[in-house]
Each structure stands twice: as structure tokens, then as C-alpha cells.
1. Output the residues belonging to the stretch 78-96 that are part of a loop (DSSP other than H, G, I, E, B), open to solvent by 80 Å² or more (accessible area, probe 1.4 Å) and not charged (D, E, K, R).
2. Kindly provide the set of residues from the stretch 132-143 that are closer than 25 Å to Thr80 by Cα and either open to solvent by 80 Å² or more (accessible area, probe 1.4 Å) or without any contact (Cβ under 8 Å) to a residue 40 or more places away in the chain (or both), ordered by number.
3. Could you tell me which residue of the stretch 65-77 is most open to solvent (accessible area, probe 1.4 Å), considering only residues that are under 23 Å from Lys141 (Cα atoms) and touching a helix residue (DSSP H, G or I) at 6+ places or on another chain (Cβ under 9 Å)?
4. Filtering the stretch 94-136 down to residues that are of a type in the set (Asp, Glu) and under 20 Å from Pro44 (Cβ atoms), which residue is modelled with the highest pLDDT?
5. Hey, does the stretch 151-167 have a residue that's touching a strand residue (DSSP E or B) at 6+ places or on another chain (Cβ under 7 Å) and closer than 16 Å to Cys58 by Cβ?
6. Name the one entry in Ser117, Ser99 that is open to solvent by less than 70 Å² (accessible area, probe 1.4 Å) and out of contact with any Asp or Glu (no Cβ under 9 Å at 6 or more places or on another chain).
7. From Ile148, Ile152, grab the single residue that is open to solvent by 90 Å² or more (accessible area, probe 1.4 Å) and assigned to a strand (DSSP E or B).
8. Can you tell me which condition Asp211 does not meet? The list is (1) at pLDDT below 95; (2) touching a Leu at 6+ places or on another chain (Cβ under 9 Å); (3) surrounded by 13 or more Cβ atoms within 10 Å (Cβ to Cβ), and all the others hold.
Amino acid sequence: MDVRWIGPEPMRRCPPHKACRLIFSLLFGVWSAQALEMSVGKIPYLEAVNGSTVVLPCTYFSCIGIHNLYFNWQFNDNGTMQKVCESVIPSEGVVPKVSIFRDRVEFVGKNHENNISILLWNITFEDGGLYTCFGRNPKEKDKNHSAIFHLIVVDELRVVDNTLTIMIASAVGGAIALLMGFMLLKNFTLFVLSKMEEKNKECLVSSSGIDNTENGLSGSKAESKATPKKK
């Protein structure tokens, strides 16, 4: 029995041509732009002295907003991930109730401007290592993201040798000063030469006027002698 489809033509798969690829890329780009992003700042590490107090920064961002955003901080203890704190943020601007699992830890972000940073009091060498800031947003179909911050604990901060930097800055400054001096000297020389040229022109004009007067040429003020009469 021959069975035929009655009605509109079934939807066919989009052929792999340029238009379909462009549409897919645009849709994927829009979805990527809306994805949750966790950030620990432009410098993802900190070198701190043993016994000091430090802040581990972290903020989140989502184009479409959040709803019951879950976040936590974890510490990598020789390959074993230990939870430092966790909480759920109902919506933006709401200060969450944070559960703390380690001593000398305080939640200081308060969700102000999407800030979920934590503070470590009186750090020790055992506190040094990698800390992961993790987030998951149910509003984006549980889209999740994480960022890693490296805390380095030392006895004392290293003294940075700025000798090379000072030498380079001095050399550059000297070169700039030399160039400016050369330009000033050049402008002054051109100014003096222009004044000398103007003076020479004035002298030539004055000298030409005197010669014409002495020779009795046209335009001179020399007195003309009377023509003697014939006897």
C-alpha cells in the first residue's frame, strides 16, 4: 500500500550553507553573552605576609540577571577540594546568609554590586594555595562558571630592585632633555640669522641711496649747474 503525506511539506534540516552557519553563530553568540561569568579581577594572585589579613576578590555577572544563584568558595588542599563557604542569592541586591566552614573566614562582599568576596584573618602558611570561586545560575538553565585566585604567603615581601628601571628612566629623560635643548638652540640660531639678514638688507638699501645721490642720478638732490651763455 502506497502511503503519501497529505498536508504541508515536513520541515527539512537546514543545509550547511552560509546563511545557516551565520544564524547558528549569532544564536550561539547571544547565548554566550548571556552566560554567567565569575571574576577574581585582572590580577588573579596575591602575595601576603604571614599573619596579615587579606581579601580574596570575586564578583559575578549575567546579562539576563540571576535567580537563586548558588555560589561557593573552595580551597585546593594538596589536590583535595575543601569547601570554605557557600550560599544562595535569591536575587540581585539581596544580602545572602552564608555558611562558613573554615576558621578565620568572613564573607565581606554582602552582594553589593554582585560582590561575593571573602576575607581571611591572620593568615598562615597553610592558607596559601589556590582558591576557587564557583557560581551556578538556575535562571540560565544552571549555567555555571568558576575563577581561581592564588594566595601566596611569605615571611616578608620581596624588595623590588628598581635600579634598571631608574637607569632606563634616566636615559629616556636625558634624551628628551637633549632633544629639547637642540630644538631651542636651533630656533634661537634661526632667529639670529633672520635678524642679521634683515639688517644686511637695510644696509644695502641705504648704501644704494647714498651712491645715487653722490652720482647725481635721477631722483637725487644734487644742484644742477647753469649752462654758460655764448658770447
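The values are calculated or read from the model by the stated rules, or taken from the named source; none is laboratory data. Source: prediction; values computed, not measured. All Cβ positions, glycine included, derive from the backbone under ideal geometry; neighbour counts span all protein chains shown. The accessibility values were calculated without ligands, DNA or RNA, using every heavy atom of the protein model including side chains. Shrake-Rupley method; radii C 1.70, N 1.55, O 1.52, S 1.80 Å.
1. Across the stretch 78-96, the qualifying residues are Asn78, Val95.
2. Across the stretch 132-143, the qualifying residues are Arg136, Asp142.
3. This residue is His67.
4. So the residue we want is Asp127.
5. There is at least one residue in the stretch 151-167 that is touching a strand residue (DSSP E or B) at 6+ places or on another chain (Cβ under 7 Å) and closer than 16 Å to Cys58 by Cβ.
6. It is Ser117.
7. Working: Ile152 fails: open to solvent by 90 Å² or more (accessible area, probe 1.4 Å).
Checking each option against the conditions leaves just Ile148.
8. The number of the failed condition is (3).
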